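Report on the following structure.
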């Protein structure tokens with residue numbers, strides 16, 4: 001094992017050795033299969049992007065890897081060893097850190113207090129807080145990510161969205177993360193702040209970490225991703241490396257792929273440019289006619305989404 005120069009984290013000697021592997025992993029809640037047969041390989045120094053719409057299974061997958069829920073099928077290996085995480089703390093002690101959308105930050109507390117929240121440093125017989133050391137370490141770790149906050153006593157609420165993401169990522173790295181899962185980090189941000197967060201993702205990759213970037217935005221994913229997974233209704237429908245995939249292909253698959261092409265063909269005769277004059281009185285809308293097979297597919301998809 002060797003250590004990353006930036007983080008001091010031990011990494012596999014062979015950079016091609018997976019840090020995290022999911023092999024045919026599934027999670028069921030009674031008769032509901034949230035994810036099925038998912039295969040993901042995460043290596044150091046790579047960004048693995050997991051894409052999917054609402055109900056695709058992204059949240060369940062995060063919970064399984066993060067130790068919130070145990071998987072019911074398949075295997076999950078960390079550095080080649082089969083693991084089951086009974087809690088997020090156990091997952092974190094094994095090097096798996098998750099940065100959720102809400103970031104788990106206390107907005108009214110200072111930057112340095114948030115950095116060490118739950119892991120405070122103490123000194124002396126009385127165990128008083130070692131404020132000086134915590135501020136120094138917080139400032140140093142943030143500077144490694146390329147961000148300087150002159151006043152570390154500033155409440156987190158006064159930071160930008162991009163700065164908050166950076167704080168959460170830097171905290172995870174400092175406390176031993178080998179794999180960082182980022183849950184929709186750009187979902188609530190504008191273009192500029194999203195760009196800042198994407199730069200931080202690259203920083204984490206360059207520090208030798210494995211990054212799992214959960215997103216529904218193929219454009220953001222393609223800017224930083226090395227490997228792309230698309231989930232639909234709990235199953236993997238695309239698994240490709242960057243050199244075998246274009247942004248156009250990724251966007252098409254994300255938006256439905258062959259299903260979208262079939263729908264486009266069905267709607268060709270409906271003239272989308274047509275403008276109809278307003279009718280007098282109450283309008284009557286005729287429901288579209290669905291075949292028995294089409295109706296069965298709609299019902300099945302609704303059940304999977306639930």
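If you plug the beta carbon distance of residue 136 and residue 17 into 1/(1 + (r/R0)^6) with R0 = 51 Å, you get a FRET efficiency near 0.90.
Highest mean first, the peptides 134-144, 209-219, 227-237 sorted by other C-beta atoms within 10 Å per residue fall in the order 209-219, 227-237, 134-144. Taken along the Cα-to-beta-carbon direction at a fixed 7 Å, the label points for residue 129 and residue 292 span 6.9 nm.
Could you tell me the calculated FRET efficiency between residue 255 and residue 148, based on Cβ-Cβ distance and R0 = 35 angstrom, to the nearest 0.05? After rounding to 0.05, the efficiency reads 0.35. A protection proxy built from the mean count of other Cβ atoms within 10 Å ranks the segments 76-85, 193-202, most packed first, as 193-202, 76-85. At a temperature of 4 °C and a viscosity of 1.567 mPa s, determine how fast the stretch 2-254 diffuses translationally according to Stokes-Einstein, using the Kirkwood radius over alpha-carbon pairs as Rh; express D in µm²/s, rounded to the nearest whole number. Rounded to a whole number, D works out at 69 µm²/s.
Bear in mind these aren't lab numbers, they're just calculated from the coordinates by the rules spelled out. If you're wondering where the values come from, they're calculated on a predicted model, not measured in any experiment. Backbone-built Cβ (ideal geometry, glycine too); neighbour counts: all protein chains shown.
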